[in-house]
1. Rounded to the nearest 500, what is the 222 nm mean residue ellipticity of chain B from helices alone, with -39500 (n - 2.57) per DSSP H run of 4+ residues and division by all residues?
2. So what J values fall out for segment A:403-418 if you push phi through Karplus, 6.51 cos²θ - 1.76 cosθ + 1.60 with θ = phi - 60°, rounded to Hz, Gly and Pro as x?
3. For segment A:307-449, what relative contact order do you get, as a whole percent, if you take Cα pairs closer than 8 Å and at least 6 residues apart?
4. Would you work out which of A:Pro287, A:Val217, A:Gly229 lies farthest towards the positive end of the dipole of segment A:213-319? Charges go on Cβ: Lys and Arg +1, Asp and Glu -1.
5. What percent does the relative contact order of segment A:2-204 come to when contacts are Cα pairs within less than 8 Å and at least six residues apart?
6. Whole Å is fine, so just give me how far the alpha carbon centre of segment B:242-301 lies from that of segment A:442-494.
7. When 1/r is averaged over all different Cα pairs and the result inverted, which Kirkwood radius in Å belongs to the protein assembly as shown?
8. Could you work out, residue by residue across A:223-234, how many beta carbons of other chains sit within 10 Å of that residue's beta carbon, and then give the average as an integer?
Amino acid sequence: MFEYSSLLTFIALTAILAFSFYAVLIAGQLSLAQVGLASLAAFTSSLVVPNEPLFGFIPPLLIGVVFGMAVGVIAAFVLGLPVMRLRGVFLAIATLAFGEMVRIFLINQSWTNGAQGLSFPKLVGIETAWIALALVAFWFWRLSGSRMGRAFAAIREDELAATTMGIDVPRYRMASFVIAGAVAGLYGVLFAHFTRFADPNQFSFEAAVDGLVTAVVGGTTFFVGPLLGSVFLSTLPELQRTLGIDAGWIRPAISGLLLLVVILFLPGGLAGLIPRRRSSTKLVSDPAALPQLEPLPARGTEVMSLRGLGKSYGGVRAVHDVDLTLATGEILGLIGPNGAGKTTLVNMVTGVTAPTGGSGTVLGIELAAKTRAHRLASAGIARTFQQIKLFNRLSALDNVLVGGYRISRDTLLRRLVFLPSARRFERQAAAVASAQLIRVGLGDKATTAAGDLSYGDQRRLEIARALASHPTLLVLDEPAAGMNHVEAERLSELIRSLAADGVAVLIIEHNVRMMLALCDRITVLNFGEVIAAGTPEEIARDPRVLEAYLGADGDAAAATAAEELAEVAADAVKGHDDAAGTEDAR
Amino acid sequence: MSSRHLSAIAGGSLLLLALAACSTTPPAGDDAEAGGLVGTGTGAECSIESEVPIAAAFSLTGAAAQYGSSQKNALEMAVDDLNEVGGVTYALTVEDDATDPQQAIQVFDGFISSGASVIIGPTLSNTAKQTNPIAQEAGVPVLGVSNTAAGITEIGDYIFRDSLTEDAVIPQTVAAAVEEFGLEKVVVMYSNDDAFTESGYQAFAAALEDEGVEVIETLTFSKTDTDFRALLDKAKQSDPDALVVSALIEAAVPLVTQAREIGIDAPIIGGNGFNSPALISGAGEAAEGVIVGAAWNSASENEQNVAFIEAYTERFDGAPDQFAAQAYAGMQIVDEAVRANCSGEREDIKAGLGGITGLPTVLGDVSINENRDAEHEALVQVVEGGKFAILD
C-alpha cells in the first residue's frame, strides 16, 4: 500500500458512481435513484457473498458484483415502471424519494444492523476498482457510436422528434434507467467491499447530489466525462492538504469556488476541454457503401385512408369528419388558413395525437387512442414539423443518422467485441444518411451542429432526416417556410422526384402557388372541416377556397395565399380562354 | 479557439502542478525509520531527542464539525501543556475528515505514510469502522477519543479508546435513577436512524432489563425530527414512571420541552447525547430534573478538571464540553504511554497504551482494560437550578 492508493481507488469508485448518473443523463433524464440502488445492492450483497471462493475458483467478490448488479437492474426496472412517465424535475423528486425510501427501509432491517452499519470483508483494492472502471468506461465508449447511443442522444435532445423517427422512447428511457441501475449496483458492492463498512445513512441525498455533480462537472456528452469529474472532485481535498491549506472551512470554500468556475466557464464539463471532432462519423459519399433497401410498395398502393376522422378538445372541434385517402407515388396537399386544423390532422396521421372520432388506417395500422407514433414510424411513415424539431446539439449528419434508425441495426453488442460487421453496418447507415444529406444540399455542413444551421438549412435537414428512414409515406408540415422562390422550387423538384420513386407525400404548405404547381390533389380545410377537395385546377377555381382565405382576418399569410390563389385562378382562366380562342380560330 | 486552448493549458498545468506537489512531498517518517524516537530514562525523566509525531483526524467541517472543533482545540492545548513539561516534545498534525469516511480514509493513509507514531480520532464511530482497519493493518496505534459505538476496539490490537461506551455509562445511570425514583415501568424513545443513539438504546434496554424495570412501550423517531407531540401523547397515555430517551441534543431539546408542555411530569432519563450545555440553554425550565449519565461533568471537582476548564475557557473564550475533555485526556494518556517505554515508536506506544492503569486525567483516574477500552467512573447528573449537578 502506498500513500495515494486509497485516493486512486476512490477516484475509480467515484467515477463508476458518476457513470451511473451519466447513463441516465445521456438519455436526458434526471434520476437521483442511483445512490439508493447502490445502497440496496451493497447491503443485499452481504447476504450472498461467501467467505470462500465458490466451487473453489469463483471469487466471492465476483458473486457479490454479479448479484449486486442484478439487484440494481431489477430494482431500477421495478422503480422505472411507475416513474418512467415523469419528466425533468418530477422524475428527480420521485427518484429522490425512492432513495430516501431505501435508506429508511434498510435502517429498519435487522440484517443490515440498522444505523450502526454493517462490516464487509475487504475484497476490493486499487486494481479491482480500476479494472471495473475500465470495463464500465469501455461499455459507454462503445455505446456512444451505436444505434442505441444515438437513440439516447435523440431522446435527450427532443423526445417527440425521436418518437417520430421510430424510437420507442419509453423502452429506451427504461433501458437507460436499467443500465444506470446495473452500474450503481456495481458501485455499491465495490464501495462497501473497499471501505469495509457501510451504514444506510452514507447513501443519502448528499451522496446522490455528489454523484450528480461529479457527472455534470465531468461532462455528459463524452464518455471520459465521469472520470474527469471524479479526478477533479476527489483530488481537490488531497491537493489542498498537500498544498498546506489549513484544515477547516476554507477548504470546502475553495472547492466550492473551483466548482463554480468549472460550471460557469465549461458548460460542457471538463470533457469539453478535450479537443475532438464534433461528429464521430464522417460523410460516406461512396455509393458502393449504400445497402440494398427494401423496395417501396407498388405505385398506387393505398397507404392512408381516413373515414370521418375527427379530434375535439372538450367542446372545440379542431378537426371534424375528414375523409382522405393517399396512395404511393401521389402528392397530396393540405391547405387552409391558420387554425384550420391541418397540423392536428397531420399529428393524428403520424400518431402524435389520438383521434376522438371516426377511424383511419395508415400503413396497415389502425389509428386509435393507444397507437404510438414510433409504431407508425417503424411501419414507414416519416415527418417534419411546423416548428422545427431537430436534435440541436448533434451534428447534421448525426441528426440524419437518427433518422435512419428504422432501417439500421443495433450494433452495440457487435461493437463491444469489435465484430467487423459492426463497422460494416455503421458504414451502411452512414452512407444512407450521407446520401440524403447530399440530396438536400447539406453535404458540406455534415459536421455542423444542427442548432447552428440557418433556418432554411434546418428545414432541409429535417427533410433529410425524414428521408433517411426510407419512408413509404412522407409527411411535410410547411417545409418551404422561410425559403425563397429558388429554394422552394428546388424543394418542389425534390418532392416530385420522391413521388416518382413511389413515395406517398402528404404536404402542408402556405405557399399556395407552389402547392398548386406541385400537388396531384389538394384538400382544403377550414375550421376543421374539408371545404374543398380536388385537382389544383379545381381548387384554384373554387370560390369557397378564396372566401376561406379572405375570411381569415388579420392573417398576413392568408392574405398572401388569397392573393396567390386569385392570381393563379386568373392565370388559369386566361389560359383557358386562350386555349378556347385558339380553338375558335381554328 | 484561443480561449479554449488557454483553458486547456491552464487545466493541464494545474494538474501537473498537483502531481508534482504530490510527488515531491518528503516523507516525514524519516526520523521514525532511523529509530530517533527512542529516548533515555523512564516516566518523568524520559527524554527523547526527536519530536514525536502525533496525528489527529477530526471532523472539522461537515455534519460533526461542532464536535471536531472542540476536540482540536483541546488537543492543541494538551500538546502545548505537555511540551512545556519537557523531555518529550510532540509535533501535532490535525487533519479534517470533513465528516466523510472517504476523506477520513485518505487522511489516515497520509498519516500512516508520513510516519505518525499514533493517530488520535476520528470523531465519529462509523468513520472509525472504516479508517481503523487501515491503521491496524499498518501497525499504527489509534486512540479514539469520542467513539462510543460497540465493536471499535474489536477491529484489532492497535485500536484503543478513552471514551466510555454507552454500555459503560448507561447501566450506572439507570441504576442511579431506579434507586432515586423507584422506577417500575418506563417508556423508551430513541432515534433509530443514528448509530450512536441506536447503540444507546440497546444499552438502555439491556440495563432496564437487568434492573427489572418493565418497558411499556418503545417509540422510535428520526434524528431530524423536531415535533414529538404525537409520540409523547402516546407515551403519556401509558402513564410511565419515567421517560428513557436516547437522542442527539438536536432532538433532545424539543423532546424535553414538548414533554413538559403536554404535561408529562415523570422524570426524563437521557443518554450521552443529552450531556450538553445546549440542553439547559435550549430547554430552559423544562430541562429541570432531567437525568443524564456522562463520562465527564463540568461540575466534577477533580483538581485537574477544574484547572482544565479554567485554562480552556480562557484560551478559547468558551466552556469545554465532553468532547474537549476526552480529547485532552487522550493526549495525557498518549504522553503516559510514550513515557512508559520512553519511546515514540509505534510498537512501544501500543505497548504503553495497553499498560495504562489508574492514570489521573481530567476525566478522573483512567485505566485501559484488556479489551483496550477505557475504564473510569461515570457520572450521573441531574439538571438543578439551570445547572448540571451530580446526582447523589
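Quick note: the coordinates plus some simple rules give every number you see, no bench work behind them. None of the values given here were measured: they were computed from a predicted structure. Quick reminder, even Gly has a Cβ in these numbers, built from the backbone with ideal geometry, and neighbours come from all protein chains shown.
1. That calculation yields -15000 deg cm²/dmol at 222 nm.
2. x, x, 3, 4, 9, 10, 10, 6, 10, 4, 5, 5, 5, 4, 10, 6
3. Over segment A:307-449, the number comes to 17 percent.
4. Projecting each Cα onto the dipole axis, the largest value belongs to A:Pro287.
5. Over segment A:2-204, the number comes to 44 percent.
6. After rounding, the separation between the Cα centres reads 75 Å.
7. Taking every pair of different Cα atoms in the protein assembly as shown, averaging 1/r and inverting gives 33.2 Å.
8. 1
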